[in-house]
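I have a structure I would like to understand better, so I am pasting it below and will then ask my questions one at a time.
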Amino acid sequence: MEHPENSEQYKGLKVNQGVTDVPTVNPYLKRRIQRKSYTPSEFVEGILKRNITILSQAVTLVESSKYEHQQIAQEVIEKCLPHSGRSVRIGITGVPGAGKSTSIDVFGTHLIREGRKLAVLAIDPSSERSKGSILGDKTRMETLSREKNAFIRPSPSAGSLGGVARKTRETIVLCEAAGFDTVFVETVGVGQSETAVHSMVDFFLLIQLAGTGDELQGIKRGIMEMADGIIINKADGDNVEKAKLAAAQFRNALHLFPPTESGWVPKVLTYSGYYNIGIKEIWDMVCEYIRFTKESGYFDYKRTEQSKYWMYESINDTLRDTFYHNPVVEKMLGFTEKQVLSNEISSFVAAKRMIDLFLDDLAKR
C-alpha cells in the first residue's frame with residue numbers, strides 16, 4: 001500500500017516502500033518426523049532384542065498418566081515379567097551433595113569394565129510450584145553416559161511419596177528384560193524416598209560425608225537400619241582422617257541397633273569417588289552380601305515380600321485414581337471443598353460424605 005506521506009501535499013518528504021514481514025517459522029524447515037507407534041508385542045520384541053530406543057519409549061509409556069498409555073504399558077510389563085528378576089538391584093541414597101551422581105558414574109564405569117550391563121534410574125525431585133524437573137543427573141555422569149552397555153534414565157518424582165517415581169518398580173522389570181544385569185536406583189535423598197527405594201532393591205547403599213559438623217546428624221535410626229552398607233565419600237587429601245573418624249563413629253552406632261533381619265552385619269567403608277579410590281572394595285562388599293543372602297534364602301524371601309508390598313501399593317493407587325475419576329465424586333468435590341473452606345462442615349465429615357457418595361454410586365452400577 002502506498003504511503004500517504006508520498007502525496008503532493010507533503011513535498012520534500014518521501015517514504016520508501018517497506019518489505020513484507022518475515023515469517024516466524026522457517027518455510028524451509030522440514031516437517032517433524034512423527035515417532036512410530038508400536039504395538040505391545042512390538043515393544044516386547046524390541047526390549048528383548050535390547051533396542052534402547054524402544055526401551056526408552058516403553059519407559060515413557062510407563063511414566064505416562066494417560067489411560068491409553070497405561071493400558072499398553074501394563075500389557076508390555078506383563079509380557080516382560082517372565083524375562084525379569086535376574087539382575088542385582090542396588091539402591092543408592094544420601095543427603096544432597098554427598099556425591100551420589102559422581103559415585104554412580106565411577107562405580108558404574110567400574111562395573112561396565114568388568115563386563116556387566118548397567119541401568120541407572122535416577123529420580124529427580126519435581127518442583128512443588130512449577131511441577132517441573134531439571135532431569136540433569138545424566139550430565140553429571142559423563143563417563144558412564146558414553147558407555148554403550150549403560151542405560152541412564154532420569155525420571156521426575158512428579159509429586160509421588162518421598163520423591164520416588166511411582167513407576168520405578170515397573171521400569172526395573174523392563175530394564176531387566178532388556179538384558180541389564182545390574183540396576184541402580186538413585187533417590188533424591190530427602191523425605192521418605194529411602195523407604196520406597198528400599199522396598200524395590202536387593203542392596204541398600206548409604207553415602208555419607210565426613211567433617212560436615214555434628215556427626216550425630218548422620219546417625220539416624222530409620223535410615224541406618226535400612227542400610228546394608230555405608231560408605232564415607234570424599235576420603236581424600238586432608239579429609240582422609242576425618243573420613244576414618246566418621247567411619248568409626250558409624251560402626252559404633254551400628255552396634256547399638258538390633259540385628260538385621262537378614263543376619264548381615266552392615267559394613268562401613270571409606271572411598272573417594274573423585275579420585276576413584278576404594279571402588280573395588282565397595283563392589284566386593286555388594287557381592288559378599290548377595291552371596292550371603294542367597295545362601296541363607298533371605299534374598300528370595302525379600303523379593304517375594306517386596307512383590308507383596310507393591311501389590312498393596314498398586315491397589316491403593318488404583319483405588320485413589322478410581323475415586324477421583326468417579327463422575328459423582330468429580331461433580332460434588334468442588335462443592336464439598338467450599339463447604340469445608342467456609343467452615344460449614346469439618347474435613348472429616350466432608351471426607352466421609354465423599355466416600356459414602358462414591359460407594360453408593362458403585363453399588364448402583
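How would you order 42-48, 351-357 from highest to lowest mean count of nearby Cβ atoms within 10 Å?
Numbers: 42-48: 19.3, 351-357: 13.9.
So the peptides 42-48, 351-357, ranked by packing, come out 42-48, 351-357.
Counting other Cβ atoms within 10 Å of each Cβ, which GluC sites (Glu not before Pro) in region 298-365 have at most 11 and sit in a DSSP loop? Please report the intermediate quantities before stating the final value.
Numbers: sites: Glu305, Glu313, Glu330, Glu337, Glu344; in loops: Glu344.
Answer in residue order: Glu344.
Mind ordering 58-64, 71-77, 169-175 by average Cβ neighbours within 10 Å, highest first?
Working: 58-64: 20.9, 71-77: 19.0, 169-175: 24.4.
So the order, starting with the most tightly packed, is 169-175, 58-64, 71-77.
May I pose another question? Relative to the compact-globule scaling 2.2 N^0.38 Å, provide the ratio for the alpha-carbon radius of gyration of region 239-312.
Details: Rg = 15.7 Å, N = 74, 2.2 N^0.38 = 11.3 Å.
Dividing the Cα radius of gyration by 2.2 N^0.38 Å gives 1.39.
Now for a separate question. If the limit is 19 Å between Cα atoms, which of Lys36/Lys148; Lys100/Lys280; Lys66/Lys167; Lys100/Lys167; Lys234/Lys280 go over it? Intermediate results must be reported in sequence, preceding the final value.
On the way: Lys36/Lys148 23 Å; Lys100/Lys280 17 Å; Lys66/Lys167 13 Å; Lys100/Lys167 21 Å; Lys234/Lys280 16 Å.
Table pairs above 19 Å Cα-Cα are Lys36/Lys148; Lys100/Lys167.
Each reported figure results from applying straightforward, stated rules to the coordinates on display, with no laboratory input. Please read all numbers here as calculations on a predicted model, not as lab measurements. Virtual Cβ from ideal backbone geometry, glycine too; neighbours counted across all protein chains shown.
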